[in-house]
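Down below is the structure, laid out as structure tokens.
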Amino acid sequence: MPAKAVFQPTYLYLNGRLRWQASSYRGRCQFWDWRKKTEGVAGIQAGSVIVHVHHRAPPGASSLLQVMFMSELDRYLQAATRDNTRRSYRAAIEHFEGSWGGFLPATADSIARYLVAYAGELSINTLKLRLSALAQWHNSQGFADPTKAPVVRKVFKGIRALHPAQEKQAEPLQLQHLEQAVAWLEQEAQTAQSADNQPVLLRAKRDTALILLGFWRGFRSDELCRLQIEHVQASAGAGITLYLPRSKSDRENLGKTYQTPALQRLCPVQAYIDWISAAALVRGPVFRGIDRWGHLSEEGLHANSVIPLLRQALERAGIPAEHYTSHSLRRGFATWAHQSGWDLKSLMSYVGWKDMKSAMRYVDANPFPVMPRIVEKPVIP
């Protein structure tokens, strides 16, 4: 007879959502943890937290729950993956199982049929992400990776040939639009200060700092949102140093320090100091939500909120913003630097690109309109 299970506490997540919670659970239940199949759960220690449970058992394994338990090892493995990547992979797995009806572990044939089913609906990049998610799932659970099978590779190659699509890229933010938006935000801040309108004043200061830092440092939206005041040193008229414990380009999670000098115009250093001073912030996330009463959130902005924030600021300044995204800041800086005479090696070092192909995707080769030069060239740390 298998031992009865006692969980203290136990949390059951089904497709990423909390479905069941109890201080204890007794009774017979078959579990599948992808490493060993057992009757009952005698090997599971009290206090284990179920972080993911699939809603469908693998073929031939009726009444099985597929369970992966959070352990100290799992915590460190999870920390090695970026939050955005983890969310994307989780959504991809749920799509494969839920929307399409696939089973895990999958076969090469089922993955090939999955690709065919969505070949005309999803972009090549989305399909590549789905394959990466499926590959990661199988590797992490100790299974052979079916996405490397010849039939999957051939099907994907055929989809690329029959469904060619130009890669969508964010429109680079032109320097004149940056100037126009910042001038408008500064005017908003002055008007709000005169009217003692703290919410509008704070939003204008925050948006100015976020846009200027994002542009001149070429930060991604998630990097901007993860900046911590404790990791920033700013000196008015001199420059700013920012440390990120991890980023997309920092594959080893060693942390990286970024530097940007003060500028005579459109200065990110002064914008940061003005925002921190106005908000009276001393620790925690640099960029936060602000409610209608002017109260600041304790949490940092979500990366997805940067696009509407940027577009709203541009639209208030009278700039058509529908083609701009948070990546427009990064592409805008790269385009400005390229047209200002930066060599590609210096640009790659400053922004953090590891290969020439990545850099060329961001540089707008179209010289019309040519973005005007600014006084200083940011130094390479």
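Observations, loosely collected:
- Of the residues screened, residue 143 is one that is modelled with pLDDT of 85 or more and not in a helix (DSSP H, G or I).
- Of all residues in the stretch 297-331 being in a loop (DSSP other than H, G, I, E, B) and within 17 Å of the chain's Cα centre (by Cα), the one that is modelled with the lowest pLDDT: 326
- For the criterion of being of a type outside the set (Val, Ile, Thr), surrounded by 15 or more Cβ atoms within 10 Å (Cβ to Cβ), in a helix (DSSP H, G or I) and modelled with pLDDT of 95 or more, residue 137 fails.
- Restricting the stretch 180-238 to residues that are surrounded by fewer than 21 Cβ atoms within 10 Å (Cβ to Cβ) and at positive phi, the residue that is farthest from the chain's Cα centre (by Cα): 196
The values are calculated or read from the model by the stated rules, or taken from the named source; none is laboratory data. Every value quoted in this text rests on a predicted model; they were computed, and no experiment measured them. Cβ atoms come from the backbone with ideal geometry, glycine included; neighbour counts cover every protein chain shown.
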